[in-house]
Structure formats: C-alpha cells, structure tokens
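Visitor: Sharing a structure below in structure tokens format, with a few things to ask.
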Amino acid sequence: MCGIVGYVGHRGAADFLLEGLHRLEYRGYDSAGIAVQVNGEIAVRKKAGRVQELVGLINEAPVDGPLGIGHTRWATHGETTDLNSHPHTGGNGEVVLVHNGVIENYDQLRTQLQGLGYVFRTGTDTEAIAHLVAHHLEEQIKLGEDETSPATCLKAIEVSLPKLKGTYGLVVLFKGFSDMLIVARSGSPLVIGIGEGEHFVASDASPLAGYTDEVVYLADHEIAVLTSDRIQLMHRDNGHQSPSVHTLDQVSTDTGLNGFEHHMLKEIFEQPHTIENAMRGRLDADEATAKFGGLNLTLPQLRRVDRVVLTACGTSWHAGLVGEYLFEEFARIPTEVEYASELRYRNPPLGDRTMVFAITQSGETADTLAAMRECQRKGLATMAICNVVGSTIAREADGGVFLHAGTEIGVASTKAFTSQVAVLTLLSLYLGRMRHLSYPAGERMIRKLREMPKMIEQTLQCNDLVKEVAEKYYGYNNFLYLGRLYNFPVALEGALKLKEISYIHAEGYPAAEMKHGPIALVDEETPSVFIAPHGQIYPKVMSNLEEVKARRGPVIAIACHGDDKIAELADDVIYVPDVEEYLQPLVTSIPLQLLAYHIACLRGCDVDKPRNLAKSVTVE
Ligand code: G6P
C-alpha cells in the first residue's frame with residue numbers, strides 16, 4: 001500500500017507532488033507528506049489525515065523547490081499520527097525518504113542502530129531504513145569517500161539495501177544534493193517518468209498523466225539515480241542497465257464525479273457501459289464463440305489445458321468463484337479458486353496442463369502478484385484478468401485480458417467485479433467452444449450476453465426502491481446474505497460490500513448451508529438478504545427463506561420481475577430482470593452494491609474511502 005511520488009527538474013515540485021498524491025490516494029489515506037529541497041536544506045511537511053489536510057498545511061506554511069518526494073500512507077507499523085507520516089528522516093537530516101512496503105526485520109535494525117547512537121522518533125519500520133542509509137553514508141565518508149559526490153550516496157544505498165528483509169519501493173533525498181533522487185525497488189512498484197530536463201517517480205503511472213507518456217518501469221532489485229537530465233540504472237546482480245523506455249497507452253484521467261455524490265455510485269451506474277466495453281470486439285457471432293487478442297497461447301496449447309486455477313483477493317476472488325462455476329459448466333474444465341495469499345505459500349500439485357488466471361482490478365495486489373510469480377516459476381501459463389493497463393501484473397503475466405472498465409476510484413469495487421464476471425463468461429464460452437460446447441449453445445450465449453448492457457440498465461432502475469429499503473434497515477448491526485449456485489458468490493460479494501463501507505457485520509453463505517450454523521443468528525434483529533431469482537433450484541431457496549421467516553428473521557429478497565410469490569413471504573423485494581442463470585451475477589450484484597451504498601450513506605460513512613482499507617493492497 002502507500003503511494004509515493006518524486007520529482008527532479010526545473011519546475012516547483014510541490015504541484016506535481018500534491019496532485020500525484022491525490023491521484024495515488026486510493027493506495028492509502030491515513031496520512032500524507034512531502035519533502036522538498038530548498039537552498040540546500042530539506043523541508044518536510046506531513047500530517048495525519050487525507051492529502052487535502054496536507055494541502056491545507058502547505059497553504060499555511062508553503063514550501064517549493066525543483067526537487068522533492070511525497071507519500072500517502074496506509075499504516076502498517078505505527079499509528080496514524082503526524083510523526084509517523086512519511087517522509088522520514090535519517091541521521092541528523094542527511095537522508096530523507098519515502099517508502100512503500102514492509103520491512104520485516106525493522107526491529108532488529110532499530111536495536112542495532114540505536115546501539116550506534118541513532119535516535120528513533122517514530123513507530124514506523126521506515127525510520128530504520130532512513131537511519132540505516134544515514135549510517136552507511138557516514139561510514140563511506142569515514143572510509144574517505146567524497147562526501148560531495150553522488151557516488152557516495154549511491155554506495156550508501158547499495159550497502160544498505162541487502163540488509164533489508166521485506167519489500168520496498170523507496171525514493172531518497174540527500175541533504176545538499178539539489179539535483180538528485182535515488183529510487184530503489186524490491187516488491188513494491190515504481191515507475192519513472194521521463195520529461196524534458198526533468199524526471200518523475202510514482203507508484204503507478206496515474207500521477208504522470210499530463211506530464212509525460214515516456215516511462216521506465218523499475219524492476220525488482222534495480223536502483224536508479226535520477227537527475228534532471230539523466231537516468232543511471234543498476235541491477236543488484238547485473239550491474240548497469242540501459243533503461244527500457246515504454247510509451248504509456250493513454251492514462252485515464254476521468255476522475256470526476258459527473259454529478260454523482262460519490263465515485264462508488266458513479267461507478268455502479270457506469271456498469272451498462274463497462275460491461276459493453278468488456279465484451280467489445282470479443283464476440284464472434286459467425287463462429288459462435290468469443291475471441292481474445294492477448295492470451296498468447298496457440299489453439300493446441302489451449303486445448304491441452306485440463307485444469308484451471310483462478311487466483312485473486314477480495315472482490316476479485318468472488319468474481320473467480322463465479323468463474324469456477326462458468327468454466328466447469330461451459331468449458332467442462334476442472335477449476336479451482338485460490339486465495340492468492342494462500343496459493344503463494346502452498347505447494348499444490350499443478351501439472352503442466354494447468355492454466356492460471358490472476359484476477360485483479362489494480363494489477364498491483366501483492367499477494368496476487370506473488371501467487372502469479374510462484375506459478376510462473378513452476379512453468380505454468382499464467383494469464384491476467386486485469387483492469388489497469390501497465391500495472392505490474394499486466395506486464396508480468398504471460399498473456400491476459402483487460403477489463404476496459406476505466407478508472408475505478410471507489411475503494412469498494414463494483415464495476416470491476418461485473419467486468420471480471422463478463423470476461424470470465426466470455427472465456428468459458430471460448431474454452432467451451434473449442435471443446436464440448438455446441439454451435440447453437442454458443443450462439444445463444446452470445447445473444448444473451450449482448451442483451452446484458454440493457455438488462456443492467458433496467459436493473460439500475462431499482463435505485464430509488466433500494467434507497468427506501470436502506471432507510472428501513474440501516475440501523476441493524478448484523479446481516480446474512482444467502483444465495484445458491486451462481487448467486488452464492490454474489491451473496492459473499494454483497495456481504496463484503498456492506499462490511500467494507502458501512503462497518504456492519506455481514507456474512508455471506510450458500511443459502512442451504514445456513515442450517516449448519518448461521519441460522520442460530522436469525523432473530524428479529526438480523527435481516528437476511530436472499531438472492532432468489534428464478535432458476536433450477538428456486539424452490540429450494542424458497543424453502544430456506546421460509547426457514548428464516550419461521551424464526552421471525554426480516555427478509556429482503558432479490559427476485560425476478562413478476563415473482564409475486566416471494567412478495568408474500570419476504571418483507572421487502574427488489575426486482576431484477578429475468579436473465580439466464582449463469583448471467584444472474586451481473587444483475588443480482590447490482591442491488592446489493594446499491595444497498596451497501598445507501599446504508600453506508602445513511603450511517604454517515606465515508607463511502608469512497610472507508611476506514612482502514614485501501615484500493616490497492618501492495619503489502620502482504
Ligand atoms: C482491496 C480492495 C478490494 C479489492 C481487493 C483486490 O482489498 O479494497 O476492493 O477487491 O483489494 O484488489 P485487486 O486490485 O487485486 O482486484
């Protein structure tokens with residue numbers, strides 16, 4: 001987590017740094033800070049709270065200069081205080097740095113450095129890096145190295161880095177070096193932007209939009225020394241490197257609210273378009289299949305696949321669960337869904353005919369990246385289903401499919417989920433058609449998929465009703481979400497949405513599993529949200545619903561238009577269009593997104609930036 005930025009060049013750095021921090025705030029918003037080199041001194045401004053608070057502080061006490069670094073924090077070590085905010089200072093202010101990642105041996109380093117006389121002022125792991133670099137700078141100078149030479153600073157970094165255990169993206173300023181930034185990466189992403197007589201650094205490319213489209217992605221174990229007109233790049237094992245410059249595909253800067261009160265609501269309402277974008281150019285009506293440009297596997301290779309592993313975290317993991325049902329039903333390929341945080345440390349037997357999909361909105365989730373790399377190490381074909389072009393996972397995967405959902409800003413993922421489900425549906429069609437799925441079945445899927453943007457548009461008309469339902473239920477403190485088959489993952493996702501943004505305890509379960517425990521929670525104070533559209537086991541879900549009613553549990557049902565029977569049983573019904581069962585998650589998830597949204601608003605929660613969370617989880 002955490003977003004970092006840096007600038008060296010000819011303009012005042014503060015504007016770029018603050019704008020960049022705003023754009024990176026999705027990575028954490030516990031505190032923010034910048035450091036700018038002014039007349040040979042490094043001035044630091046930092047504050048707990050949002051970037052906007054920092055802007056207020058800088059308005060009161062302005063700083064600017066052509067060299068600077070900035071940070072927006074998601075706290076890992078140390079509370080969210082002004083003092084624990086980055087940048088952190090090492091020694092007597094010789095070194096000032098920002099850090100993204102976690103240093104696992106910080107305690108040991110702290111003890112060693114305290115023994116050498118370094119005074120720690122914060123509760124962070126990062127301060128240990130700052131003092132460590134300051135210590136090795138001092139050592140280099142004692143050894144007779146030139147204290148005015150950038151090479152001495154670089155050496156101090158090179159000696160320090162092997163002593164760090166854990167992950168880092170670092171941007172370091174050295175006092176008195178008014179035209180130099182040193183950046184280093186191991187496990188946390190960094191991208192360098194190349195301008196005319198200036199260089200930029202950021203955790204991802206979004207802060208660079210409008211400044212440059214020429215970038216160098218730093219690889220793990222690389223260090224770069226940046227001056228206004230030069231990049232010097234080194235790899236720990238391979239020495240000097242020539243930077244490989246990429247041109248950014250249009251970085252989306254559509255970050256406005258377009259009249260909506262929150263990004264989350266805007267993103268929910270974008271879903272008719274985002275689903276359309278996920279399918280655009282990928283439906284082949286002549287062959288009754290889907291087509292993909294980026295899987296980078298031949299047809300014989302794809303036909304050999306006898307097992308699929310879908311790995312992801314959070315909402316993307318829920319999309320993976322829908323994918324499991326789809327792949328097994330349409331492609332008839334045994335499929336498993338693995339939490340990336342588990343897969344990375346497990347050692348399941350995976351044959352060379354296994355295909356792995358890493359599903360991720362951001363393309364930066366640390367666990368998903370690590371799980372993908374682990375699978376690559378074992379020689380498996382790994383694909384990314386990803387939204388952010390240029391992200392680490394998108395770049396490192398062997399192939400993949402982009403969601404084309406546009407920037408998702410709300411921390412609670414909505415449109416990315418439905419786009420992931422749409423892409424997984426297309427993949428199941430594609431893999432199915434090269435195996436057992438018939439032409440008419442493929443043709444029908446395409447016809448039904450093409451109707452989905454319209455169906456989602458119709459579903460969104462439930463918004464006013466969902467708001468009324470939210471007004472009735474927002475005071476409850478426990479919810480159950482229950483659904484079966486394709487709507488079981490939707491139940492999990494609905495519960496997650498409510499937890500994330502309204503801080504209400506909610507559990508998702510396969511409706512029939514309720515009898516094995518959760519039913520003990522049912523009483524007048526625990527509403528159950530039943531996802532019960534028409535389908536093969538609709539009567540079974542209705543029985544589960546009756547079981548809840550028999551115990552006086554309030555019931556909110558998500559049902560198909562025209563289902564009058566459910567209205568007699570449930571306390572409240574939200575109707576959605578009747579679509580094929582495998583397409584139901586694309587509509588049934590929407591009222592649940594809206595329900596969580598309205599409940600969170602009524603409870604006065606910060607919908608787009610819920611407490612303790614971050615959009616992109618770049619630590620494990
Ligand atoms: C965080 C976000 C979730 C997201 C998850 C996985 O927890 O708050 O909304 O689902 O990370 O993120 P990814 O970018 O890999 O889909």
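Visitor: Can you tell me which residues in segment 373-390 are within 16 Å of SER188 (Cβ to Cβ) and either among the basic types (Lys, Arg) or open to solvent by less than 10 Å² (accessible area, probe 1.4 Å) (or both)?
Guide: Once the filter is applied, which keeps residues that are within 16 Å of SER188 (Cβ to Cβ) and either among the basic types (Lys, Arg) or open to solvent by less than 10 Å² (accessible area, probe 1.4 Å) (or both), segment 373-390 yields only ARG373.
To keep it simple, each residue is scored yes or no on (1) outside any loop (DSSP other than H, G, I, E, B); (2) within 16 Å of the ligand (Cβ to nearest atom); (3) modelled with pLDDT of 95 or more; (4) open to solvent by 10 Å² or more (accessible area, probe 1.4 Å).
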residue: GLY553; (1), (2), (3), (4): no, no, yes, no
residue: ILE556; (1), (2), (3), (4): yes, no, yes, no
residue: VAL579; (1), (2), (3), (4): no, no, yes, yes
residue: TYR582; (1), (2), (3), (4): yes, no, yes, yes
residue: THR588; (1), (2), (3), (4): yes, no, yes, no
residue: ILE599; (1), (2), (3), (4): yes, no, yes, no
residue: PRO610; (1), (2), (3), (4): no, yes, no, no
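Visitor: Can you find, within segment 485-525, the residue that is farthest from the ligand (Cβ to nearest atom) among those that are open to solvent by 10 Å² or more (accessible area, probe 1.4 Å) and in contact (Cβ under 8 Å) with a residue 60 or more places away in the chain?
Guide: LEU485
Visitor: Kindly indicate the residue of segment 330-363 that is in contact (Cβ under 8 Å) with a residue 40 or more places away in the chain and within 19 Å of THR418 (Cα to Cα) and also surrounded by the fewest Cβ atoms within 10 Å (Cβ to Cβ) among those meeting that condition.
Guide: PHE330
Visitor: Among the residues of segment 147-169, what is the count of those that are within 20 Å of ASP229 (Cα to Cα) and open to solvent by less than 60 Å² (accessible area, probe 1.4 Å)? Outline the logic, then answer.
Guide: First, the residues of segment 147-169 that are within 20 Å of ASP229 (Cα to Cα): 148-154.
Now drop any that are not open to solvent by less than 60 Å² (accessible area, probe 1.4 Å), which leaves 149, 152-154.
Of the residues in segment 147-169, 4 are within 20 Å of ASP229 (Cα to Cα) and open to solvent by less than 60 Å² (accessible area, probe 1.4 Å).
Visitor: Scan (1) free of Cβ contacts under 8 Å to residues at least 40 places away in the same chain; (2) part of a helix (DSSP H, G or I); (3) crowded, with 20+ Cβ neighbours inside 10 Å for the single condition ALA567 breaks and write down its number.
Guide: Condition not satisfied by ALA567: (3).
Visitor: Is it true that some residue in segment 268-279 is outside any loop (DSSP other than H, G, I, E, B), in contact with an Asp or Glu (Cβ under 7 Å, 6 or more places away or on another chain) and surrounded by 21 or more Cβ atoms within 10 Å (Cβ to Cβ)?
Guide: Pass one, segment 268-279, residues outside any loop (DSSP other than H, G, I, E, B): 268-269, 271-279.
Then drop every residue that is not in contact with an Asp or Glu (Cβ under 7 Å, 6 or more places away or on another chain), which leaves 272.
Next cut, surrounded by 21 or more Cβ atoms within 10 Å (Cβ to Cβ) only: none.
No, that holds for no residue.
Visitor: Looking at segment 15-36, which of the residues that are open to solvent by 10 Å² or more (accessible area, probe 1.4 Å) and of a type outside the set (Phe, Trp, Tyr) is nearest to the chain's Cα centre (by Cα)? Before the answer, list the steps.
Guide: The first filter runs over segment 15-36 and keeps only residues open to solvent by 10 Å² or more (accessible area, probe 1.4 Å), leaving 15, 18-19, 22-23, 25-26, 29-30.
When the remaining residues are screened for being of a type outside the set (Phe, Trp, Tyr), the result is 15, 18-19, 22-23, 25, 30.
Working: ASP15: 26, LEU18: 21, GLU19: 20, HIS22: 16, ARG23: 14, GLU25: 12, ASP30: 17 Å.
In this case the residue turns out to be GLU25.
Visitor: Checking HIS221 against (1) at pLDDT below 95; (2) open to solvent by 40 Å² or more (accessible area, probe 1.4 Å); (3) more than 24 Å from GLN458 (Cα to Cα), which test does it fail?
Guide: Of the numbered conditions (1) at pLDDT below 95; (2) open to solvent by 40 Å² or more (accessible area, probe 1.4 Å); (3) more than 24 Å from GLN458 (Cα to Cα), the odd one out for HIS221 is (1).
Visitor: Determine whether segment 430-443 contains at least one residue that is aliphatic (A, V, I, L, M), crowded, with 20+ Cβ neighbours inside 10 Å, within 16 Å of the ligand (Cβ to nearest atom) and not in a loop (DSSP other than H, G, I, E, B). Walk me through it before giving the result.
Guide: Within segment 430-443, the subset aliphatic (A, V, I, L, M) is 431, 434, 437, 441.
Going one step further and asking which of them are crowded, with 20+ Cβ neighbours inside 10 Å, we end up with 431, 437.
Now drop any that are not within 16 Å of the ligand (Cβ to nearest atom), which leaves none.
Within segment 430-443, none of the residues are aliphatic (A, V, I, L, M), crowded, with 20+ Cβ neighbours inside 10 Å, within 16 Å of the ligand (Cβ to nearest atom) and not in a loop (DSSP other than H, G, I, E, B).
Visitor: If you check LEU248, LEU257, which single one turns out to be open to solvent by less than 30 Å² (accessible area, probe 1.4 Å), farther than 19 Å from SER589 by Cα and either modelled with pLDDT under 95 or touching a strand residue (DSSP E or B) at 6+ places or on another chain (Cβ under 8 Å) (or both)?
Guide: Working: LEU257 fails: open to solvent by less than 30 Å² (accessible area, probe 1.4 Å).
Checking each option against the conditions leaves just LEU248.
Visitor: So is LEU299 open to solvent by 60 Å² or more (accessible area, probe 1.4 Å) and without any contact (Cβ under 8 Å) to a residue 24 or more places away in the chain or not? Break it down into steps so the answer makes sense when it comes.
Guide: Details: open to solvent by 60 Å² or more (accessible area, probe 1.4 Å): yes; without any contact (Cβ under 8 Å) to a residue 24 or more places away in the chain: no.
So LEU299 fails the test.
Visitor: Same structure again: Across segment 404-421, what is the number of residues that are open to solvent by 10 Å² or more (accessible area, probe 1.4 Å) and more than 9 Å from the ligand (Cβ to nearest atom)?
Guide: The qualifying residues number 4.
Visitor: Evaluate segment 104-119: report whether one residue or more is open to solvent by less than 10 Å² (accessible area, probe 1.4 Å) and at pLDDT 95 or above. Break it down stepwise before answering.
Guide: Of all residues in segment 104-119, those open to solvent by less than 10 Å² (accessible area, probe 1.4 Å) come to 109, 113.
Restricting the remaining residues to those that are at pLDDT 95 or above gives 109, 113.
Yes, because at least one residue in segment 104-119 is open to solvent by less than 10 Å² (accessible area, probe 1.4 Å) and at pLDDT 95 or above.
Visitor: Under the condition of being more than 9 Å from the ligand (Cβ to nearest atom) and either of a type in the set (Ser, Thr, Tyr) or closer than 18 Å to LEU302 by Cα (or both), which residue from segment 391-403 is most open to solvent (accessible area, probe 1.4 Å)?
Guide: Of the residues in segment 391-403, the ones more than 9 Å from the ligand (Cβ to nearest atom) are 392, 394-403.
Now restrict to residues that are either of a type in the set (Ser, Thr, Tyr) or closer than 18 Å to LEU302 by Cα (or both): 392, 397-401.
Values: THR392: 0, ALA397: 17, ASP398: 70, GLY399: 10, GLY400: 21, VAL401: 5 Å².
Across segment 391-403, the extreme among qualifying residues is ASP398.
Visitor: Return the residues of segment 473-506 that are among the small types (Gly, Ala, Ser) and either closer than 25 Å to LEU583 by Cα or part of a helix (DSSP H, G or I) (or both); say none if nothing qualifies.
Guide: Let us first name the residues in segment 473-506 that are among the small types (Gly, Ala, Ser), namely 475, 483, 491, 494-495, 502, 506.
Hits for segment 473-506 are GLY483, ALA491, GLY494, ALA495, SER502, ALA506.
Visitor: Of the conditions (1) open to solvent by 10 Å² or more (accessible area, probe 1.4 Å); (2) more than 26 Å from the chain's Cα centre (by Cα); (3) in contact (Cβ under 8 Å) with a residue 24 or more places away in the chain, ALA470 clears all except one; give me its number.
Guide: (1)
Visitor: Given the conditions (1) in a helix (DSSP H, G or I); (2) under 16 Å from CYS462 (Cβ atoms), report the number of the one that ILE574 does not fulfil.
Guide: (1)
The values are calculated or read from the model by the stated rules, or taken from the named source; none is laboratory data. Source: prediction; values computed, not measured. When we count neighbours, we look across all protein chains shown, and the Cβ atoms used for this are built from the backbone with ideal geometry, even at glycine. To get the accessible areas, we keep the full protein, side chains included, count just its heavy atoms, and leave off ligands, DNA and RNA. Shrake-Rupley method; radii C 1.70, N 1.55, O 1.52, S 1.80 Å.
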